[in-house]
Amino acid sequence: MKQNSTSKIVAFVFLIIMAILWAFPILWGIFTSFKSEEEITAAGATFLPIHWSISNYAELLFNNQSTPIVKWFTNSLIISVGHTILVLVVVSLASYGYTRLEFKGRDLLFGMLLASMMFPGIVNLIPLYGIMDKLGWVNNFLAVIVPGAAGVFNIFLVRQFVLGIPKTFDESARIDGASEFQIFWHIILPLLKPVLTVVALFSFTGAWNDFLWPSIVLNDIDKLPITPGLQLLQGQYLTYPGIGTAGALIALVPTFLLYLFAQRYFMQSMSLSSGVKG
């Protein structure tokens, strides 16, 4: 009993230390964003601001034409929300097809799909850009919304969840005269809520934080999302760390709020059968 208590104390202390190590840079950035550039230069490495100021945020939001961060923020919301909705539609339908529909070569096709995960995503950049060019989507939001909608990992994750749903639910619905789409819409889809919430969380965060692909396929500064836009911000305000930090924190807000509100469903999805009530 004593050994068990000691293990819990050690684990608790370890987690507290890790939380402090994780939170300290974030807190440093938050406090730095409220310092004037003069204070950052003169006072050196002080943790708390001597004089609190919102001048960095005002400069970013209202006095900047060459780095329109509000426009970038809006673009990121459009791209991330659009991509997430498309992912949920594609992944939920594909997962149902790979588990409930019987067709020739289904398992072979899924195996080939899994095998594609062995190739790093960067090898697809050149052919993917060529496809976007042929479709006329270069410098268009569709070029960053559509690719990646059928992510293999997401399909695999949701498929494993669907496999945990008893097929007796389907059979009972068929006896009552339900079609395949009605079974999917009224029975399977409601049970997928926890795992689809996690997929939405990962998809939104991935689209929001993506830097390389938007930098390649979007060449209009007003169409950039906020993550590649921050690179331009850093270039313009290289000697102004307060403004750069404020921009990074603005970019952090949506994903932080999303994780905050979705954490309950994230924990539920840790068990792939948590959505099924026997």
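Since every read-out is calculated from the coordinates, none of them should be taken as a lab result. A quick note: this is a predicted structure, and the numbers were derived from the prediction, not measured. Quick reminder, even Gly has a Cβ in these numbers, built from the backbone with ideal geometry, and neighbours come from all protein chains shown.
Tabulated values for the structure
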{"quantity": "Shape of region 1-128, Cα gyration tensor, a/c cut at 1.5", "calculated": "oblate"}
{"quantity": "Cα-based equivalent ellipsoid of region 114-217: semi-axis lengths in Å, sorted from largest, via gyration tensor", "calculated": "35, 15, 13"}
{"quantity": "Helix axis angle, 193-209 relative to the chain longest principal axis, alpha carbon, degrees", "calculated": "40 degrees"}
{"quantity": "Trypsin sites (Lys or Arg not before Pro) within region 13-107: DSSP coil, no more than 16 neighbouring Cβ in 10 Å", "calculated": "K104"}
{"quantity": "Calculated from backbone phi, Karplus (6.51, -1.76, 1.60) coupling profile of region 127-139 in Hz, x at Gly/Pro", "calculated": "x, 5, 5, x, 5, 4, 5, 5, 7, x, 9, 4, 6"}
{"quantity": "q = 0.16 Å⁻¹: log10 I(q)/I(0) that the Debye formula gives for region 1-63, counting C-alpha atoms only", "calculated": "-0.64"}
{"quantity": "Share of alpha-carbon pairs per 10 Å distance bin for region 67-268, given as whole %", "calculated": "8, 28, 31, 21, 9, 3, 0, 0"}
{"quantity": "For A143, net neighbour charge (Lys/Arg +1, Asp/Glu -1) across residues whose Cβ lies under 11 Å away", "calculated": "0"}
{"quantity": "Pairs of Lys in the chain closer than 22 Å at Cα, counting only those 8 or more apart or on different chains", "calculated": "6"}
